[in-house]
Amino acid sequence: MAKVCVACGIVQGMVLDVAEYDRVRINHPGLGRIWENRIRPDSKKTVTVEGSARSQWTETVGDRDVRLIGKPAQKAGYGFTMIDESFWRKYVEQHPDSEVIKSGLLFAAPTLKAAREKARAHLQLRSGLEPVDGTSVVTGKNQYGMNVYAVADERLPRPRGRTANGLVAADGSPI
């Protein structure tokens, strides 16, 4: 079977599933006879696609994964997994309106090298699930002239107005 390399930009990865459906007519108590799609028994298949956190926390040595201690999954990126091409085509066919595929956070390429090149081009995409950047930056000075620090990540709220400890920006205006 032909394989493709699926790149996933969601930090924790994803579980992809495909199934075959039968259209069945059932008797509904309030609606009468209606059509319903039901999954065929033993037709559901799932594949777990690695996210960027797994790729950064583990390293393959020989035939097993070794957990790396002290290596943070701080940097956003992509995780790569080789899956069957037929499974990928069926997944895209069954999920045509998926925002993850439309946005480019989940895509397939014929080889790992091609997937890495495409991932480099999409490196600025963010899912919103990345770890918080915990580095500190100076945001202003307090009423005593001392630097006031805040977390650098723009997703976190900033204090507004003069607070109990007298926060002001570097230009003297309230934060």
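Laboratory data are not the source of any read-out in this text; all were calculated from the coordinates shown. Since this is a predicted model, take the numbers as computed values, not measurements. No Cβ is skipped: glycine too gets one built from the backbone with ideal geometry, and neighbour counts run over all protein chains shown.
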For region 2-14, 3J(HN,Hα) per residue [Karplus equation, 6.51 cos²θ - 1.76 cosθ + 1.60, θ = phi - 60°, Hz, x = Gly/Pro]
6, 10, 10, 9, 9, 9, 10, x, 8, 3, 7, x, 9
Among the listed pairs K3/K90; K3/K102; K3/K118; K45/K118; K90/K113; K45/K90, those beyond 19 Å (Cα-Cα)
K3/K102; K45/K118; K90/K113
Here region 102-109 yields Karplus 3J(HN,Hα) values (6.51, -1.76, 1.60; θ = phi - 60°; whole Hz; Gly and Pro given as x) of 4, 7, x, 6, 9, 8, 10, 9
Here the FRET efficiency for H95 versus D22, based on Cβ atoms and R0 = 22 Å and rounded to 0.05, is 0.70
Ordered by packing density, taken as the mean number of other Cβ atoms within 10 Å over each peptide's residues, highest first, how do 90-99, 27-36 rank?
90-99, 27-36
